[in-house]
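Enquirer: Take this structure, written in C-alpha cells, and hold onto it; I'll ask about it next.
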Amino acid sequence: MEKRRLSEKKDLCIYKGMQGVKILKELEIKFEQFSELKEVWERIFEVTENPAPFVSYGWFFALNKYLLKREVEVMVFYEEGEAVGIIPAELKNHNLSLIGDQRVTDFNGVILDPDYSKKIIGALADFIINENLNIELSPLTEESELIKFLPDMLKIKMVERAETFPVLKLPSSWEKYLTSLSSKNRHELRRKLGKAEGAGIKKLGACDIDKLFELMEYSSGEKKNFLDKEMKDFFKALALYLEGIGALRLSGVFYKEAIIGALFCFQMGNMVYAFNTGYDPDFYKLSPGFISFAMDIKSAIDDGFTYYNFLRGEERFKFDLGAKRFYTWKIKR
C-alpha cells in the first residue's frame, strides 16, 4: 500500500526565532510534552520509512513511565500547523540530547514524513547553530537521517563509532542459510540441534512474559539484578504495545515439555530485533541459548524476514550464526 504523505509543500525552511516557539519560514519547532503527542506520533510513525520499534510511541511511553519516571519534552516540527516530524530530543542547560536509557536503548532516531527529511534536519542544524548548542546524539545507525545529513549541515567531523550490533542477512530458505555458513559453523550448528532433537520453538504472547523473566533470572545473576520491578514493568508494557501493533516476537523453546529458552524479539518491516533472552542452565548440555537463536532464525526465514538483528554485543555465538559486524554512531558538537 502506498504511503500517505502528510503534505506536498516543499519550501526550504530558514531559522528565525530564539525563545519559546522556534519559528522558521513556514516551519516551526516546538518542544512539547510527550504525553500529549500520541495521535500525532503514531500518524507520523505510519509514514516513516523503515521505522524501528525503538522510535515508536509505545517504546517511549514505557520508557518514560517506568524507567525515566518523568515527563519529557520532545522536538516537533510543524509546517502550516501540521506536524511533519518528531525528534525525541530534549534541551537542558544548552545541551541537546536524544532521550533514552543506556540499559535498553539500542538505537535512537527520528520519525518524519520522508518528503521533509532534509528540511527537518536542516531546521535542526539551524536551531543548533543559532542557539550555539552542545549536542551528543546517539546511538544512531548509518541509516539515520541524523547521520546522513546533520554532520555536513553543521560542518563538523565529530562523528564517533560507538557500539557493535551484529546483523544476519537471511536467505530465502534454511538450506541456503546453512550453506552460507562456514563448514565449521555449519557442522557445529547441526551437532547442537541434533543433541536437542525433539526440541521445538513456539510463539508466546505478552501474557507469557513471566516465563522470560524466570529464565533470565535463573540463567544469570547479572540479569537478575537488571530485572528490578521497574524494568519488569517496562518489559510488560512494551510487550503489550508491540503485541497490539503486531510487532511482538516472544518465543519459547521447549524440550520434553520443559521451556529451556525464551527470546524477547521485535519484528517490524523486513527485520527481526533480538532484544533479550533467557535460558535454563540446567539444560546447558543442550546449549539452550544457542539453539533458541538458531530456531528463531529458522522461524524468521520461514516468516519471510530479510534481516535478523542481534542488537548490541560482541558475543561469539552471533558471528558463529553468520552475523556481520555493524556499528552505532554518535554525533558530538
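FYI, it's all coordinate maths here, none of it is from the lab. The model shown is predicted, which means the values in this text are computed figures rather than measured ones. Methodologically, a virtual Cβ is constructed for each residue, glycine included, from the backbone with ideal geometry; neighbour enumeration extends over all protein chains shown.
Enquirer: Per-residue ellipticity at 222 nm for the chain, helices alone: DSSP H runs ≥ 4 residues times -39500 (n - 2.57), over residue total, nearest 500 deg cm²/dmol?
Expert: About -10000 deg cm²/dmol.
Enquirer: Another one. Please report the antiparallel percentage of DSSP beta bridges with both residues in the chain, rounded to the nearest 5.
Expert: Of the beta bridges lying entirely in the chain, close to 90 percent run antiparallel.
Enquirer: Run the dipole for the chain about the Cα centre, Lys and Arg Cβ at +1, Asp and Glu Cβ at -1, nothing else charged, and hand back the magnitude in debye, nearest 20.
Expert: Its charge dipole is roughly 1180 debye.
Enquirer: For the range 189-234, what is the charge dipole size about the Cα centre, in debye to the nearest 20, if Lys and Arg each add +1 at the Cβ and Asp and Glu each add -1 at the Cβ?
Expert: 500
Enquirer: Which value results for Rg/Rh of the range 155-254 when Rg is the Cα radius of gyration and Rh the Kirkwood radius based on the inverse mean 1/r?
Expert: Details: Rg = 18.5 Å, Rh = 17.3 Å.
When Rh is taken as the Kirkwood radius, the ratio is 1.07.
Enquirer: I need the shape label for the range 22-157. Rule: rounded when a/c is under 1.5, else prolate if a/b > b/c, else oblate, with a, b, c from the alpha carbon gyration tensor.
Expert: Rounded shape, in that the Cα axes give a/c under 1.5.
Enquirer: Viscosity 0.890 mPa s, temperature 25 °C: Stokes-Einstein D of the chain from its Kirkwood Cα radius, in µm² per second?
Expert: The calculation lands on 115 µm²/s.
Enquirer: To continue, here is another question. Using only the alpha-carbon atoms, what does the range 165-328 span along each of its principal axes? Please give whole angstrom values in decreasing order.
Expert: Taking max minus min along each principal axis of the Cα atoms, the range 165-328 gives 44, 35, 27 Å.
Enquirer: Moving to a separate point now. So, by mean Cβ neighbours within 10 angstrom, what's the order for 324-330, 271-277 with the highest one leading?
Expert: Values: 324-330: 15.4, 271-277: 21.9.
Peptide ranking by packing, descending: 271-277, 324-330.
Enquirer: Which of rounded, prolate, oblate describes the range 294-333, given a ≥ b ≥ c as roots of the alpha-carbon gyration tensor eigenvalues and a/c under 1.5 marking rounded, otherwise prolate only if a/b is larger than b/c?
Expert: oblate
Enquirer: Let me ask something additional. With +1 assigned to the C-beta of every Lys and Arg and -1 to the C-beta of every Asp and Glu, and no other charges, what is the dipole magnitude of the range 22-157 about the Cα centre in debye, to the nearest 20?
Expert: Numbers: 15 positive and 25 negative charges, 111 e Å.
Using only the charged Cβ atoms, the result is roughly 540 debye.
Enquirer: Also: Taking H as built 1.01 Å from N, whose amide H comes closer than 5 Å to the amide H of E163, not counting residues under 5 places away?
Expert: Here T328 satisfy the definition.
Enquirer: For the pairs K192/K224; K155/K318; K69/K169; K92/K318; K232/K332, note any where the Cα-Cα span goes beyond 29 Å.
Expert: Numbers: K192/K224 27 Å; K155/K318 37 Å; K69/K169 37 Å; K92/K318 38 Å; K232/K332 32 Å.
Flagged as over cut-off: K155/K318; K69/K169; K92/K318; K232/K332.
Enquirer: Still on this structure, please answer the following. Put +1 on the Cβ of each Lys and Arg and -1 on the Cβ of each Asp and Glu in the chain; which of I245, N130, G269 then has its Cα farthest toward the positive end of the dipole?
Expert: Among I245, N130, G269, the one farthest towards the positive end of the dipole of the chain is G269.
Enquirer: Can you pull the Kirkwood radius for the range 132-194, inverse mean 1/r over Cα pairs, to one decimal in Å?
Expert: 15.6
Enquirer: From the backbone phi of the range 55-60, what are the Karplus-calculated ³J(HN,Hα) couplings (6.51 cos²θ - 1.76 cosθ + 1.60, θ = phi - 60°) in whole Hz, Gly and Pro given as x?
Expert: Karplus values, whole Hz, x for Gly and Pro: 10, 6, 4, x, 4, 6.
Enquirer: Right, here's the next one. How large is Rg over Rh for the range 36-94, taking Rg from the Cα atoms and Rh as the Kirkwood inverse mean of 1/r across Cα pairs?
Expert: 0.97
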